[in-house]
1. With only alpha-carbon atoms counted, please give the Rg and Dmax of segment 237-330, in Å.
2. Return, ordered by residue number, the residues of segment 167-193 whose backbone nitrogen is under 19 Å from a label point located 7 Å along Cα→Cβ of residue 278.
3. What's the carbon and sulfur percent of segment 3-112's accessible surface, probe 1.4 angstrom, rounded to a whole number?
4. Got a sec to turn the phi values of segment 190-207 into Karplus ³J(HN,Hα) couplings, 6.51 cos²θ - 1.76 cosθ + 1.60 with θ = phi - 60°, whole Hz, x for Gly and Pro?
5. Would you mind getting the accessible area per residue of the chain, heavy atoms of the protein chains only, 1.4 Å probe, in Å²?
6. Note down the net charge around residue 432, summing +1 for each Lys or Arg and -1 for each Asp or Glu among other residues with Cβ under 13 Å from its Cβ.
7. Where the only charges are on Cβ atoms (+1 Lys, Arg; -1 Asp, Glu), what is the dipole of segment 335-474 about its Cα centre, to the nearest 20 debye?
8. Through the Karplus equation 6.51 cos²θ - 1.76 cosθ + 1.60, θ set to phi - 60°, convert the phi angles of segment 262-272 into ³J(HN,Hα) values in whole Hz; use x for Gly and Pro.
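The values are calculated or read from the model by the stated rules, or taken from the named source; none is laboratory data. Small disclaimer: the values here were computed from a predicted structure and weren't measured. With ideal geometry, Cβ positions are generated from the backbone for all residues, glycine too; neighbour counts draw on all protein chains shown. Just the protein is used for accessible areas: all its heavy atoms, side chains included, with ligands, DNA and RNA removed. Shrake-Rupley method; radii C 1.70, N 1.55, O 1.52, S 1.80 Å.
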Amino acid sequence: MIDEIMKKGKPENVENAIRKLFERLGRRKISTKPADLFSYSHDYWLVTFHWLLQGRVPALPDAVLWPESRDDVVEILNVAYEEGVPVYPYGGGSGVLGGTVPEYGGIVVDMKRMRSIDIHEEDLILEAETGVNGHYLEEYLNRRGYTLGHIPQSLYPSTLGGWIATKAIGQFSTRYGGIEHMLLGLEAVIPPGKVIELKPHPRTATGPDLRKLFIGSEGIFGIITKAWLRIWPYPEERFLMSFASESFEDALDSARRILRRGARPAVLRIYDRIETKRHFYRFDEMYGRIGTVIIVEGDSKIAEAEKAVVEEEFRGTPAGEEPVRHWLETRFVVKEVSEFAPLGVVIDTIEVAVNWSNAAKLYYSTVDAMKSVKGVLFASAHASHFYPQGVCFYFTFAGIPPRGTRPAEFYNRVWETAMRATLENGGTISHHHGIGRHRAKWLAEELDGAYGLLKRIKHAVDERGIMNPGNMGV
Ligand SMILES: Cc1cc2nc3c(=O)[nH]c(=O)nc-3n(C[C@H](O)[C@H](O)[C@H](O)COP(=O)(O)OP(=O)(O)OC[C@H]3O[C@@H](n4cnc5c(N)ncnc54)[C@H](O)[C@@H]3O)c2cc1C
């Protein structure tokens, strides 16, 4: 008997719903096999990983579906609505906060078979179904001379639909922006199987922008089936630069001045002393200092000008191209979590954002707060996304739960101190991973009165509460 940690019972009419879905979609698109149910019981949320190591699962769905067209999705939401059965949209399952965990049982809808791509070259617009894999999509564009400019560290295991639903951002964000800057239009299916199409235009002033309702919606309103996004010609020129600075503040201030002058280096990452040692230990110039890697790219004349701005403004010793090449080669390596978890070490990351005026204060307070938790071995950060107004800090902590403390308890204690320090220092609790099930407990505090509005909108769109129930706490 599998121990299901989060499951809140079996939906009453789920067998009816599954029978209807078998009849209407055929056997190829649905499974109730235990191995399939197990595969969709979790995402990349660290807590669920620790449970799995102990032989326990977060929650099993009752069925998994693989729609192949928008009409299939309409049919699925139709049946789910009729029978009042929960639906969990699923992209790549790379979310790190439990967003796809089928907490109330019901059906998981994996979008990966919906993966068509089309490029409208004159308009510089990409049209794609949302189950398309991130890496496949970017490679498809590159081969034809274009880029989306969206390269999250999870490029390989994530999908376009997941990016939109979590409001994701990539490593080249300072030039290309987050997914919200790329999205021009979308198609979604909401309960009870109604298709919504918001067409792509260069800009439109047609009332509140309903596209935004789906950006960061994490599956609570409906299933996004197609999207239109801005693309760019593949960059003609690319400059690699790196610097070693004496203090984190010096490096942050250099970045602030570069952005203020209007330059937009695609990649800009500043590592604190611990993380510089961790990632760049083999580069003498950087060892014991603050390492920064920068990539400027685009049209060669514009890129030359941006490079000149970086050189004028950056306070630090130039450390050449090699550290950036090293970063490019290692940027998708994330083996620490899976390597250390079986040894009893808890390692996780927390990304937040803050305006420049509070940036240094938030960084120091959050690192100190995490270090104050008994069992924490280290807490560190790098600044990974930049705006003229502020910055995203990506914290990492690692620790061994003290004797008598369960890993999940220890994990929650560190998260609580980090979230508290963020809120008290004027930050926002998530820059790009989103809310999911784990962060839901801090969402009401961050949104304040607007949390009630979110609940009302959710109820209006999804009156039977079948879309990803429990996610974001709504
Ligand atoms: C190693 C690693 C590195 C990461 N790096 C980054 C990074 O650089 N930047 C970043 O932003 N994030 C990053 N993430 C987090 C994660 O990859 C992103 O949140 C990603 O956007 C999730 O996409 P997915 O397709 O895997 O979505 P899933 O995990 O399958 O789903 C995430 C949420 O979106 C909903 N959803 C999925 N598809 C749809 C759809 N078609 N319609 C409606 N709702 C849908 C789900 O219900 C769920 O709530 C990283 C994660 C890992 C494990």
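1. Computed over the Cα atoms of segment 237-330, radius of gyration and Dmax are 12.4, 36 Å.
2. Flagged as within label range: 171.
3. Accessible surface attributable to carbon and sulfur in segment 3-112 totals 50 percent.
4. Once θ is set to phi - 60°, the couplings for segment 190-207 become 10, x, x, x, 9, 8, 10, 10, 10, 6, x, 9, x, 6, 8, 10, 10, x Hz.
5. Per residue, the chain has 42 Å² of solvent-accessible surface.
6. Numbers: positive: 167, 439; negative: 180, 218, 351.
Value of the local net charge: -1.
7. So the magnitude is around 280 debye.
8. Running phi through 6.51 cos²θ - 1.76 cosθ + 1.60 with θ = phi - 60° gives x, 6, 10, x, 4, 10, 8, 9, 10, 9, 5 Hz.
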